[in-house]
Amino acid sequence: MPADSTTKSAYETFLSAACERLGYSKTITSLLTLAAMEIKVEIPIIRDNGELAIYSGYRVQHQSARGPCKGGLRYHPQVDLDEVRGLASLMTMKTALVNIPLGGGKGGISCDPKTFSPRELEVLTRKFVKRIHREIGPNSDIMAPDMGTNAQVMGWIHSEYSAIYGHSPAAVTGKPLSLGGSVGRETATGDGIGIVVREYARHHNLTLDGMTAVIQGFGNVGINAARALERLGVRVIAISDSRSAVYRPEGLDLETLVQRKRERGSLAEVSGHKEIEAAALLETECDLLIPAALENAITEKNAGRVFARAVIEAANGPLTCEADSILRERGIDVVPDILANAGGVIVSYFEWVQNLQREVWPAERVNSELDRIIGDAARGVFLHSREKGLDLRSAAFDIAVARVKEALDATGF
Ligand code: GLU
């Protein structure tokens with residue numbers, strides 16, 4: 001991969017183009033490029049084998065003009081400052097695009113959580129909070145799950161933070177329900193993808209019933225996106241995890257795959273499902289191709305072999321800049337990450353509001369508010385794209401960038 005093919009450099013390209021279209025100065029472009037604060041800490045822990053190991057942890061607060069910084073915490077070996085910077089800036093655009101009163105941030109620890117015991121993960125998480133607690137909180141920076149983290153990790157963050165500041169559930173979202181988590185947060189990103197796809201189909205007068213989808217990624221987002229699409233009548237014909245990929249043209253037996261993965265840690269050997277190469281998955285002919293794993297899944301190397309009507313970016317930054325241009329030239333729609341996967345942060349926002357108000361919302365309220373907020377954002381992007389003759393990512397960036405700029409102006413400089 002070329003050195004500049006990072007989420008951060010892609011963000012900078014998309015941002016500069018938006019600022020140019022909107023007629024903003026170079027200074028404003030720089031302000032929206034640079035992060036307001038970047039934290040790096042070293043976290044030493046004793047592993048279960050008795051050895052001392054040190055892990056680097058990061059938290060980047062990109063923008064808070066529209067509200068406290070908001071974004072996930074990722075545990076993955078690939079995490080570094082540049083990756084976290086890129087992901088933090090995408091969060092600023094995501095919260096602005098869906099118009100919730102939050103800014104953008106992201107964190108991560110460079111480690112392989114699959115090799116950690118629950119005790120090791122807990123120690124790592126608590127130590128990270130001990131290092132950065134002064135910089136986070138309900139009014140400044142609110143963490144949430146991302147790749148390699150889950151509700152349990154958020155529960156440890158809540159417990160560590162509350163031990164210092166008193167009971168503070170609004171300091172972190174994506175918590176277990178018993179600690180003030182919101183109903184619907186676990187499935188929110190996948191549910192949001194379903195709503196965005198529904199709006200995409202409406203906008204283009206397409207019938208979803210019988211359409212086909214291929215999904216890269218079998219984590220929380222991939223599985224719940226598959227479920228949401230199945231509810232819409234879409235046939236999910238292929239899916240992959242980090243090790244294997246399976247294909248079944250008449251539609252996957254999703255729940256059997258989920259069970260098999262839980263029991264054996266693999267998608268292999270489920271009857272009626274053909275194992276295919278991970279690379280072949282992205283090249284499978286389908287209506288909707290949904291990368292729901294890491295960044296840079298589609299690059300200039302494989303973008304020419306994508307045979308889908310639309311790519312729905314369930315992951316953050318799954319396309320390099322070059323891949324984005326190739327797909328655009330080939331007339332393949334790309335529904336950008338800052339819209340497609342915003343369901344997670346929207347329900348995080350509901351969780352934060354519930355915690356601040358000491359309220360507990362029922363599922364119906366969470367679901368209908370999620371539908372309203374992400375549905376409005378999707379309709380806004382599709383309309384703006386049609387009116388201005390812009391691709392979907394450019395339309396989304398223009399709306400988001402203008403909202404952040406408006407808040408910056410209103411703060412008064
Ligand atoms: N990690 C998720 C994202 O990238 C959710 C962030 C949140 O809920 O704050 O959007």
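The values are calculated or read from the model by the stated rules, or taken from the named source; none is laboratory data. In this text the structure is predicted, and so the values were computed from the model without any measurement. Here Cβ is always computed from backbone atoms with ideal geometry, including for glycine, and neighbour counts include all displayed protein chains. These area figures cover heavy atoms from the full protein model, side chains too; ligands, DNA and RNA do not enter into them. Shrake-Rupley method; radii C 1.70, N 1.55, O 1.52, S 1.80 Å.
The table below lists the values:
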{"read-out": "Protection-proxy order for peptides 261-267, 233-239, each taking the mean of Cβ atoms within 10 Å per residue, highest first", "value": "233-239, 261-267"}
{"read-out": "Rounded to 5, the percent of DSSP beta bridges in the stretch 28-167 classed as antiparallel", "value": "65 percent"}
{"read-out": "Descending semi-axes in whole angstrom, ellipsoid equivalent of the stretch 279-367, from the Cα gyration tensor", "value": "34, 12, 10"}
{"read-out": "For the stretch 228-376: rounded, prolate or oblate by the Cα gyration tensor [a/c cutoff 1.5]", "value": "oblate"}
{"read-out": "Sparse-neighbourhood loop sites, trypsin sites (Lys or Arg not before Pro) in the stretch 276-349 - DSSP loop, at most 13 other Cβ within 10 angstrom", "value": "K301, R330"}
{"read-out": "Rg to Rh, two decimals, where the chain supplies the alpha carbon set and Rh follows Kirkwood", "value": "0.95"}
{"read-out": "Carbon/sulfur fraction of accessible area - the stretch 21-140, other protein chains in place, 1.4 Å, %", "value": "53 percent"}
{"read-out": "Ellipsoid equivalent to the stretch 329-389 - semi-axes via the Cα gyration tensor, in Å", "value": "30, 11, 9"}
{"read-out": "Rg and Dmax [Cα atoms of the stretch 1-80; Å; Rg one decimal, Dmax integer]", "value": "17.2, 58"}
{"read-out": "Part-to-part distance (alpha-carbon centres) for the stretch 165-196 and the stretch 214-257, which is given in Å", "value": "23 Å"}
{"read-out": "Cα-based convex hull volume of the stretch 161-307 per residue, rounded to whole Å³", "value": "152 Å³"}
{"read-out": "Percentage, to the nearest whole number, of Cα pairs in the stretch 1-138 over 27 Å apart", "value": "27 percent"}
{"read-out": "Cα-Cα pairs of the stretch 86-181 separated by more than 23 Å (percent)", "value": "24 percent"}
{"read-out": "Taking the C-alpha atoms of the stretch 141-247, convex hull volume expressed per residue in Å³", "value": "111 Å³"}
{"read-out": "Whole-percent pair-distance distribution, where bins are 5 Å wide, for the alpha carbons of the stretch 265-318", "value": "5, 18, 24, 26, 15, 10, 2"}
{"read-out": "Theoretical gain in end-to-end length, Q152 to R309 [0.36 nm per residue, Cα-Cα removed]", "value": "52.8 nm"}
{"read-out": "Distant-in-sequence amide H partners of N99 (H built 1.01 Å from N, under 5 Å)", "value": "none"}
{"read-out": "Highest to lowest packing among 85-91, 122-128, scored as the average C-beta count within 10 Å", "value": "85-91, 122-128"}
{"read-out": "Euclidean distance of C-alpha centroids, the stretch 53-70 and the stretch 79-128, integer Å", "value": "7 Å"}
{"read-out": "Cβ-based net charge around K274, under 14 Å, with every Lys or Arg adding one and every Asp or Glu removing one", "value": "-4"}
{"read-out": "Neighbourhood charge, 13 Å Cβ-Cβ cut-off, centred on K175 and excluding it, Lys, Arg +1 and Asp, Glu -1", "value": "-2"}
{"read-out": "Protection proxy ranking of 381-388, 209-216 - average other beta-carbon atoms within 10 Å, highest first", "value": "209-216, 381-388"}
{"read-out": "For the stretch 282-413: accessible area per residue (Å², 1.4 Å)", "value": "39 Å²"}
{"read-out": "Beta bridges by DSSP in the chain, antiparallel share as percent, to the nearest 5", "value": "50 percent"}
{"read-out": "Cα Rg, Dmax (largest Cα-Cα span) when computed across the stretch 148-196, Å", "value": "12.3, 40"}
{"read-out": "Solvent-accessible heavy-atom area per residue, rounded to whole Å², over the stretch 182-221 at 1.4 Å", "value": "35 Å²"}
{"read-out": "Phi-based couplings in Hz for the stretch 170-184 (Karplus 6.51, -1.76, 1.60; Gly and Pro marked x)", "value": "6, 6, 8, 10, x, 6, x, 4, 5, 10, x, x, 9, 4, x"}
{"read-out": "Square roots of five times the Cα gyration tensor eigenvalues for the stretch 56-114, Å", "value": "23, 9, 8"}
